[in-house]
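Below: the structure, in structure tokens.
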Amino acid sequence: MKQNAKTSLVLLALVFVFLTLATAFHLNLWGRQGPLPRIALVDTNFLSTATARVSAAELFSSPGADTSDFDCYACHEKGKAPTIRYDAAGTIIIPTEHKDIVMGHGTHGRNNNCFNCHNETKLDTLQSRDGRELNITNSPSLCGSCHGPTFRDWEAGVHGRTGGYWNTKLGEMTFKACTACHDPHHPKFPGRKPAPGPNPLHPIAAKE
Amino acid sequence: MNRRNFLRSSALALSGVAAIAAALEPLRDLTDYTSLQRFFQKHYKQLTPQDMERILARITTEVEKQYKIRPHVKDYKPMDGVEFVYCLNLTRCIGCRKCVHACVQENNLSRDPEMQYIRVLKMPHGSLNPEEGDAKYNPEMVPEKGFFYMPVSCQQCRNSACSKVCPVKATWTDSDGITVIDYDWCIGCRYCEAACPYFARRFNWKKPEVPKERLNPNMSYLGNRPRMQGVMEKCHWCVQRTRVGQMPACHDVCPAGARKFGNILDPNSEVSYILRNKRVFIQLKEEVGNNPRFYYYFDV
């Protein structure tokens, strides 16, 4: 009789344990990771293939664009070279009318003289190092007149951005002018905020 | 049997059944029931054009049912006389991660749980060891002084470890150099993930989730069609773009023009120019012997 009672007790305890386990698994009481916070969709700006700037060439070729910035003779006299003022250290003082220009071309500002690139008498054109007169939209020839190896790489499609097709039989490969990415007065490629990094799958990794 | 015995044995039996049900409970997470057609589908290399048409129709209906957008699914074959090579200019990469997200967008990668094929490693100057890279950087401004950035994705190796270890040959290198995966053949054993030295292969632990508004309907069978839970996936150099002559999405979005892609068998391509003229640090982990088709180089 006693033996029977003991067996019944043990079996009853086992039943109780099994039922507790069943409830615990069913209700996810342990062994499951908690839900991670939803990962936000990335800002579509990070998906854009637009260049850092708009080059003069692009500006002039897009209909309805505001090209008033390039209308030099709205203020300047034709045929008269504007006077450049220098400060005590010999640096050019940017006039207030052109205050949105930040000069920073070359180490130690070696190339900060306006007329190194701009033609003094014909202000709406550019002049290269070897004296050629260039159209204001022709930045590759101007920049290439000093930056030879970079220009050679650009012509090969290796410097800067190319787009379109690698297989030129199926489509065109597009090239960008220098000023589409580089500000001609401050050419160093600008830094930016990076897109979000990887989100881990596991909450423990997320805490690191 | 008397009443007491009956009650005792039925309580035991019920608790036993309850315990078995609790043990089988994770099966409730299995949402992807495979269709009969997919179950009996042959390996990609054994498919006839008619088989492929039926499969593409099935995929189109599945995607339309799930996303309410009718996709354009095609099977792109490699072009003749083409071997792709990718070159990345480490002097130019600024670590902005736009390539990562352009890839996610183009290839219908899962957003939550998150899947990203490209990992951008922030490397200290002087080091070319990927183990010293940090993928989780998040400063206010990149590039940071004293570091350079090295994006790593599938290197499309000539002697790939992943295709060697796959027990079912669900992954192989095509004639144009791209290592592809047949998602319907993959069994999800993850040997390839263990074999790859670059952590290029990604596994779908959960069902991938792509928001409807961001779905790319231009899909390919071996490339960016929506994957299922339990299969491997990886960068495939945008087969739906490169096999029709275009550039991969990461190439087109890079703001600094650090990425160059092309046909190495063409002596006039950009990548041929780079490998002839630039200081190429060859390949990551070249001592392992995978001989990748991905080259990192410097400008000066």
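Rule-based calculations on the coordinates, nothing more; no lab input. Here the structure is a predicted model, which means the values were calculated and not measured. For neighbour counting, all protein chains shown are included, and Cβ atoms are generated from backbone atoms with ideal geometry for every residue, glycine included.
Sequence-distant contacts, meaning Cα pairs under 8 Å at least 6 residues apart, place the relative contact order of the stretch B:84-298 at 31 percent.
Could you tell me which of rounded, prolate or oblate describes the stretch A:30-182, using a ≥ b ≥ c as the square roots of the eigenvalues of the alpha-carbon gyration tensor, with rounded for a/c under 1.5 and, failing that, prolate when a/b is larger than b/c and oblate otherwise? Prolate. Residues whose amide H lies under 5 Å from that of B:Val73, counting only those 5 or more places away or on a different chain, are B:Met219; hydrogens are built 1.01 Å from N in the peptide plane. Once backbone amide H atoms are built at 1.01 Å from N, B:Leu121 has B:Met150, B:Val152 as its partners under 5 Å, excluding neighbours fewer than 5 places away on the same chain. According to the Cα-based calculation, Rg over Rh for the protein assembly as shown is 1.13, with Rh computed by the Kirkwood formula.
Taking amide H atoms as placed 1.01 Å from N in the peptide plane, the amide H of A:Thr125 lies under 5 Å from those of A:Asn119, each 5 or more residues away in sequence or on another chain.
Residues B:Ile55, B:Ile181, B:Ile20, A:Ile39, arranged from fewest to most other Cβ atoms within 10 angstrom of their Cβ, appear as B:Ile20, A:Ile39, B:Ile55, B:Ile181. For the stretch B:158-215, chymotrypsin sites (Phe, Trp or Tyr not before Pro) meeting the loop criterion (DSSP other than H, G, I, E, B) and having at most 16 other Cβ atoms within 10 Å: B:Phe199, B:Trp205. Taking a ≥ b ≥ c as the square roots of the eigenvalues of the alpha-carbon gyration tensor, the stretch B:154-272 is classed oblate because a/c is 1.5 or more while a/b is no larger than b/c.
Applying the Karplus relation 6.51 cos²θ - 1.76 cosθ + 1.60 with θ = phi - 60° to the stretch B:122-130 yields 3J(HN,Hα) values of 8, 9, x, 4, x, 10, 10, 9, x Hz, where x marks Gly and Pro. Shielding of peptide B:16-25 by partners, expressed as the average count of other chain Cβ atoms within 10 Å per residue Cβ, is 4.
FRET efficiency for the A:Arg38 to B:Val288 pair, using the beta carbon distance and R₀ = 30 Å, is estimated at 0.20.
Rounded to whole numbers, the Karplus 3J(HN,Hα) couplings from phi for the stretch A:127-137 are 10, 7, 4, 9, x, 6, 8, 10, 5, 4, 8 Hz, using 6.51 cos²θ - 1.76 cosθ + 1.60 with θ = phi - 60°, and x at Gly and Pro. Of the chymotrypsin sites (Phe, Trp or Tyr not before Pro) in the stretch A:6-61, the ones in a loop by DSSP (not H, G, I, E or B) with at most 12 other beta carbons within 10 Å are A:Trp30. Dividing the helix sum by the residues of the protein assembly as shown, where each DSSP H run of 4 or more adds -39500 (n - 2.57), gives a mean residue ellipticity at 222 nm of -7500 deg cm²/dmol. For the peptide A:7-15, the mean number of other protein chain Cβ atoms found within 10 angstrom of a residue's Cβ is 3. Annotation: the residues A:Leu9, A:Leu36, sorted from fewest to most other C-beta atoms within 10 Å of their own C-beta, follow the order A:Leu9, A:Leu36. In this simple spin-label approximation, B:Lys206 and B:Tyr76 carry label points 7 Å from Cα along the Cα→Cβ vector, and these lie 3.0 nm apart.
What helices in chain B pass both tests, a Cα length along the helix axis of 15 Å or more and a mean Kyte hydropathy of 0.0 or higher, using whole DSSP H runs? Both cut-offs are met by B:3-23. Out of the GluC sites (Glu not before Pro) in the stretch A:1-102, which ones are loop residues according to DSSP with at most 14 other C-beta atoms within 10 Å? Those satisfying the criteria are A:Glu77.
Report, to the nearest 10°, how far helix A:2-26 tilts away from the longest principal axis of the Cα atoms in chain A, using its own Cα long axis and a range of 0 to 90°. So the inclination is approximately 20 degrees. The overall shape of the stretch B:84-298 is rounded: from the C-alpha gyration tensor, with semi-axes ordered a ≥ b ≥ c, the ratio a/c is less than 1.5. Phi-derived couplings, Karplus 6.51 cos²θ - 1.76 cosθ + 1.60 at θ = phi - 60°, listed residue by residue for the stretch A:49-58: 8, 5, 7, 5, 10, 10, 6, 4, 4, 5 Hz, with x used for Gly and Pro. Of B:Val253, B:Val104, B:Val73, the residue with the greatest mean-square motion in the GNM of chain B, using alpha carbon springs below 10 Å, is B:Val253. If you find the alpha carbon centre of the stretch B:74-111 and of the stretch A:1-74, how far apart are they in angstrom? The distance from the Cα centre of the stretch B:74-111 to that of the stretch A:1-74 comes to 24 Å. Straightening the chain between B:Thr48 and B:Arg276 buys 77.9 nm, computed as 0.36 nm per residue apart minus the Cα-Cα spacing.
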